[in-house]
Amino acid sequence: MSNEKLIRKFDKQAKVYEARRKKLTERVWREKLISCAKGRVLEVAVGAGANFHYYPKGIELTAVDFSLNKAKTAAADYGIDAEFQLSDVESLSFPDNSFDTIVSTLSFCGYENPGTVLDAFQKWCKHDGQILLMEHGISSNRLIGGMQTLVDPLFKKVVGCHFNREIIQILQSKLQINRIEHYMFGAVHLVWASPNK
Ligand SMILES: C[S@@+](CC[C@H](N)C(=O)[O-])C[C@H]1O[C@@H](n2cnc3c(N)ncnc32)[C@H](O)[C@@H]1O
C-alpha cells in the first residue's frame, strides 16, 4: 500500500482514535507505562494524543505522526506544550542521544521495517535513556494466533497495520528489555526497555 493511501486511511481513522482518547481507553496500561516518562520525550505515531493525559508534569515532548489531525487538540486539552512534526517515522532523523525517553504505543504493527525504526530509536535515545512501548502482535495462544494470521491480510487492508507480527522477537532482537508485561492472551505487551549500546 502506498504511503499516500495509508495516510488517507489513518486520517479517516483519526476520529475513532480521538473518541478512544476521550474515553480513556486502555487507561490502566497507558497510566502504568507513560507515567515513567521523563526529560526530553519523543513520542512516535502519536495518533490523537491518547497518551497525553498520562505524562508527568515537566516533560518536554516532541510528537511525530504522518497524520496529525487530532493530536494538537489533545495537547491543548491537557495543557501539553509539544513540538509536533508531521513526518513518516521511517524517514525521520534526529541527532544521536537526543532523548531521555522514547514512547511508542500501538505503532510497530504498522511500519514497513520495524527493525529499522528500532535501530533509529537506539541512536536517538541517550545511553541511560529509556524506551517505553505498548505494542500488540501475535497471541501466545495458538488458536488465537492462528486466527490472527488468517485475518491479517484483511486487517492490513482495512485498518492499515498487521495483526500477527512477531513483536516480542522483533523487540528482543534490538533492545535491552528490562521489564515486560503481557495481556490479552499474550497479544498486548507493555515494555520498559533500554537502548542496546
Ligand atoms: C493505531 S494508531 C496508534 C495511535 C496512538 N499511538 C495510540 O496509542 O492510540 C497508529 C498511528 O500510527 C501512525 N503511523 C503509522 N505508520 C506511521 C509512519 N510510518 N509514520 C508516522 N506515523 C505512522 C498513524 O497515522 C496512526 O496515527
I'd like the residue in region 47-89 that is among the basic types (Lys, Arg) and closer than 18 Å to Glu18 by Cα and, out of all such residues, is least open to solvent (accessible area, probe 1.4 Å).
Lys70
Enumerate the pairs (first residue in region 144-166 and open to solvent by 40 Å² or more (accessible area, probe 1.4 Å); second residue anywhere and among the acidic types (Asp, Glu) and modelled with pLDDT of 95 or more) with beta-carbon separation below 7 Å, excluding pairs fewer than 6 apart on the same chain, so at least 6 apart or on different chains.
His162/Asp152; Phe163/Asp152
Scan of region 27-46 for residues that are in a strand (DSSP E or B) and either open to solvent by less than 50 Å² (accessible area, probe 1.4 Å) or among the hydroxyl-bearing types (Ser, Thr, Tyr) (or both), ordered by number:
Val41, Leu42, Glu43, Val44
Do we have Glu60 as in contact with a Gly (Cβ under 8 Å, 6 or more places away or on another chain) and without any contact (Cβ under 8 Å) to a residue 40 or more places away in the chain here?
yes
Does Lys5 count as open to solvent by 30 Å² or more (accessible area, probe 1.4 Å), of a type outside the set (A, V, I, L, M, F, W, C) and over 20 Å from Gly110 (Cα atoms)?
no
Extreme residue, nearest to the ligand (Cβ to nearest atom), among residues of region 65-83 that are without any contact (Cβ under 8 Å) to a residue 40 or more places away in the chain and part of a loop (DSSP other than H, G, I, E, B)
Leu68
So, in region 84-119, how many residues would count as being within 13 Å of the ligand (Cβ to nearest atom), over 14 Å from the mean Cα position of the chain (by Cα) and not in a loop (DSSP other than H, G, I, E, B)?
5
Give me the pairs, please: first residue somewhere in region 125-138 and modelled with pLDDT under 95, second residue anywhere and open to solvent by less than 30 Å² (accessible area, probe 1.4 Å) and within 14 Å of the ligand (Cβ to nearest atom), beta-carbon distance under 7 Å, and either six or more positions apart or on two chains.
none
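The values are calculated or read from the model by the stated rules, or taken from the named source; none is laboratory data. All values reported here derive from a predicted model rather than from experimental measurement. Methodologically, a virtual Cβ is constructed for each residue, glycine included, from the backbone with ideal geometry; neighbour enumeration extends over all protein chains shown. Heads up: the accessible areas ignore ligands, DNA and RNA and are worked out on the full protein's heavy atoms, side chains in. Shrake-Rupley method; radii C 1.70, N 1.55, O 1.52, S 1.80 Å.
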